[in-house]
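Working notes, structure below.
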C-alpha cells in the first residue's frame, strides 16, 4: 500500500480520491491518517532527496509538497517556509498556494520565522515564471497585515526589493507589486 501511495504522490494524484484510499479498497482511513502518513514518510523522502542524483530530486520534492498540501494548517507551518527554496517551479507554486491562506491569520510560530520567510519570498519575486512571481507578491502583500511591531524591522528591505517587480514586463506582476508596495 505504501508503494501505491508513493507512486500516486509522485504523480500529484489526490489522496482523497474516492477510487484510491477508501474503505472499499481496504484502506485504513482514520482520524489522523494524513499526519501519520506524513510523519512516517517525510523522513524517507528527505533521505531519498539527499541521496538522489540531481535529475531525480524534483520528484522527491513534489511528493513531499503534495503530502504537505494535504496536512492541516497547524502541521504545515513547520514545513512550508523551507519548501520555498526548492528550485522546482511546481513545488514553489504549490508551496506558495498553501502558504497564502496561512499568512492571512498567522500563528506565532510563523511570525518568529518572519525574517527567513521574507527573504525567500523576495527571492521568488525574481523567478522566471510569472505565476511564481505573482504568488510570491501576494504572499508578501499578506505579510504586510502582520502586527506592526513585527514587520517594522523588514519594511525598508521589502520596499527596496519591491522596486524590481514594479518594472516587470508583465502587467499582472506589476499590478500585484503595486498592491503589495502600497500596503507595506
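Which of the residues that make up segment 156-170 are surrounded by 13 or more Cβ atoms within 10 Å (Cβ to Cβ) and within 15 Å of residue 139 (Cα to Cα)?
If the condition is that a residue be surrounded by 13 or more Cβ atoms within 10 Å (Cβ to Cβ) and within 15 Å of residue 139 (Cα to Cα), then 158, 161, 162, 165 are the ones that fit.
So, in segment 88-111, exactly how many residues are crowded, with 19+ Cβ neighbours inside 10 Å and more than 17 Å from residue 134 (Cα to Cα)?
Here the count works out to 2.
Starting from residues that are in a loop (DSSP other than H, G, I, E, B) and either assigned by TED's automatic domain parsing to the domain that holds residue 60 or touching a residue at least 40 places away in the same chain (Cβ under 8 Å) (or both), keep the ones in segment 116-146 and report whichever is surrounded by the most Cβ atoms within 10 Å (Cβ to Cβ).
Out of the qualifying residues, it is 125.
So residue 63 passes all but one of these: (1) surrounded by fewer than 18 Cβ atoms within 10 Å (Cβ to Cβ); (2) in contact with a helix residue (DSSP H, G or I) (Cβ under 8 Å, 6 or more places away or on another chain). Which condition number does it fail?
(1)
Pairs under 6 Å by beta carbon, first residue closer than 17 Å to residue 153 by Cβ in segment 104-115, partner modelled with pLDDT under 80 and surrounded by 11 or more Cβ atoms within 10 Å (Cβ to Cβ), six or more apart or different chains?
Here the result reads 110/77; 113/81, each pair linking segment 104-115 to a residue that is modelled with pLDDT under 80 and surrounded by 11 or more Cβ atoms within 10 Å (Cβ to Cβ).
Of all the residues that make up segment 101-115, how many are out of contact with any helix residue (DSSP H, G or I) (no Cβ under 6 Å at 6 or more places or on another chain) and outside any helix (DSSP H, G or I)?
Number of matching residues: 3.
Just checking, does segment 73-83 include any residue being modelled with pLDDT of 80 or more, crowded, with 20+ Cβ neighbours inside 10 Å and closer than 24 Å to residue 146 by Cα?
No, because not a single residue in segment 73-83 is modelled with pLDDT of 80 or more, crowded, with 20+ Cβ neighbours inside 10 Å and closer than 24 Å to residue 146 by Cα.
Per-residue answers, yes or no, for (1) assigned to a helix (DSSP H, G or I); (2) in contact (Cβ under 8 Å) with a residue 40 or more places away in the chain; (3) within 22 Å of residue 71 (Cα to Cα):
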{"residue": "92", "(1), (2), (3)": "yes, yes, yes"}
{"residue": "95", "(1), (2), (3)": "yes, no, yes"}
{"residue": "99", "(1), (2), (3)": "yes, yes, yes"}
{"residue": "150", "(1), (2), (3)": "yes, no, no"}
{"residue": "159", "(1), (2), (3)": "yes, no, no"}
{"residue": "164", "(1), (2), (3)": "yes, no, no"}
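The values are calculated or read from the model by the stated rules, or taken from the named source; none is laboratory data. If you're wondering where the values come from, they're calculated on a predicted model, not measured in any experiment. Virtual Cβ from ideal backbone geometry, glycine too; neighbours counted across all protein chains shown.
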